[in-house]
Amino acid sequence: MRRRKFITLIGGVATWPIATRAQQARAPVVGFLSTAAPEPSRAAAFAKGLAEMGYAEGHNVTIEYRWANNETARLPELAADLVRRRVATIAAMQTSTALVAKAATSSIPIVFLSAADAVEAGVVASLSRPTGNLTGINAMMTELVPKQLGMLHDLLPRATRFGLLYRFDSSMLELSIKSAQEAAARVGGTVEALPAANPREIDAIFAQLAEKRVDAVMAVVANQLFLNRRVQLATAATRYVMPMIFNDRVFAEAGGLMSYGTNALEQYRQVGIYVGRILKGEKPSDLPVMQPTKFELVINLQTARLLGIEVPPTLLAIADELIE
């Protein structure tokens, strides 16, 4: 009898890993495609959204991460690789990435995160009723440009020359410049738009902005170059005494003067939730493109003091967070 119990125990131990491996083999595979270098916090936020829908990475779902490391030319190759692997769905984490994924497959569901207006950028035909195999999150970064410029003007009422710093291959470029120019014209101002292709150009661009006597600067930051170099951007803006606003709070936390926009980690989580819903059987065309409803203003008061700026009570009153 003891011998039978012993054999049963051995059998149970022997078959458990086999059962686990079989479960993992049946688990859906999700493709994650990004122009960025690996960002653990954003990958974790995406995985959190999936987990909220009941999909735990390494247990009942596998995530195939494809990071382009800021080399956008690699995106078609990376997207094609995910298509060859027949992933269940693709999470495309930028506007340009969404367009590449869309070109790579018309059958695999795609959930995107678009900084630019997804309709104007050609990602989907409609936000409320996306057709085909795409849906996702519209981050509204281009739509926030007039509000951000207005905040710079509230901070510096005499400002008339505004700088717009952007990555040279930004998918948001045309829309952002147009929005900034229109907003500047309403306060009697003009916009100088300058591109940065690599970290070496950032300091040179600030020198050019100073020569052009620019009063304040905005940054189109929906790209990994600026995110990776946020301390460099904040330091350069302080060195050239140039007030600057961003649309991601990580810049204010890194020493930038102000940020106004949505919470990026929350957007990654929402992409994960939509991917989970599709894995459960919903169709992209049945899921309207989501738009953020909450925007946060973060002001770094320490940086304001370094720049010799007194933040007006109107901005202090609406700030979500003040960094001392």
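Results for (1) touching a residue at least 60 places away in the same chain (Cβ under 8 Å); (2) of a type outside the set (S, T, N, Q); (3) within 20 Å of Pro312 (Cα to Cα), shown as yes or no for each residue.
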{"position": "Lys147", "(1), (2), (3)": "yes, yes, yes"}
{"position": "Phe162", "(1), (2), (3)": "no, yes, yes"}
{"position": "Arg167", "(1), (2), (3)": "no, yes, no"}
{"position": "Ala180", "(1), (2), (3)": "no, yes, no"}
{"position": "Gly189", "(1), (2), (3)": "no, yes, no"}
{"position": "Glu192", "(1), (2), (3)": "no, yes, no"}
{"position": "Pro195", "(1), (2), (3)": "no, yes, no"}
{"position": "Ala204", "(1), (2), (3)": "no, yes, no"}
{"position": "Arg213", "(1), (2), (3)": "no, yes, no"}
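Just to be sure before I move on: is Leu134 surrounded by 16 or more Cβ atoms within 10 Å (Cβ to Cβ), in contact (Cβ under 8 Å) with a residue 40 or more places away in the chain and on the phi < 0 side of the Ramachandran plot in the structure I sent? So Leu134 passes the test.
If you filter region 214-233 down to residues that are touching a strand residue (DSSP E or B) at 6+ places or on another chain (Cβ under 6 Å) and farther than 20 Å from Leu175 by Cα, you find that the one that is surrounded by the most Cβ atoms within 10 Å (Cβ to Cβ) is Val214. Restricting Ala252, Ala236 to those that are in contact (Cβ under 8 Å) with a residue 60 or more places away in the chain, part of a helix (DSSP H, G or I), surrounded by 15 or more Cβ atoms within 10 Å (Cβ to Cβ) and in the same structural domain as Ile318 (by TED's automatic domain parsing) reduces the list to Ala252. Among residues of region 42-64 that are outside any helix (DSSP H, G or I), those with a Cβ under 9 angstrom from a residue that is modelled with pLDDT under 95 and surrounded by 15 or more Cβ atoms within 10 Å (Cβ to Cβ), sequence gap 6+ or separate chain, pair up as Tyr55/Ala27; Gly58/Ala27; His59/Ala27; Asn60/Ala27; Val61/Ala27; Thr62/Ala27; Ile63/Glu57.
Scanning region 286-324 for residues that are touching a Gly at 6+ places or on another chain (Cβ under 7 Å) and either free of Cβ contacts under 8 Å to residues at least 40 places away in the same chain or among the hydroxyl-bearing types (Ser, Thr, Tyr) (or both) yields a single hit, Thr303.
Scanning region 101-114 for residues that are over 20 Å from Leu279 (Cβ atoms) and more than 16 Å from the chain's Cα centre (by Cα) yields a single hit, Ala103. Sub-6 Å Cβ pairs linking a first residue in region 66-77 that is free of Cβ contacts under 8 Å to residues at least 24 places away in the same chain to a second residue that is buried (at least 17 other Cβ atoms within 10 Å of the Cβ), at least 6 apart or interchain, are Arg74/Ala68, ordered by first then second residue. Filtered by the rule that a residue be modelled with pLDDT of 95 or more and assigned to a helix (DSSP H, G or I), region 75-96 gives Leu75, Pro76, Glu77, Leu78, Ala79, Ala80, Asp81, Leu82, Val83, Arg84.
The values are calculated or read from the model by the stated rules, or taken from the named source; none is laboratory data. Just so it is clear, the structure is predicted and the values come from calculations on it, not from any experiment. Reconstructed Cβ throughout: ideal geometry from the backbone, glycine too, with neighbour counts over all protein chains shown.
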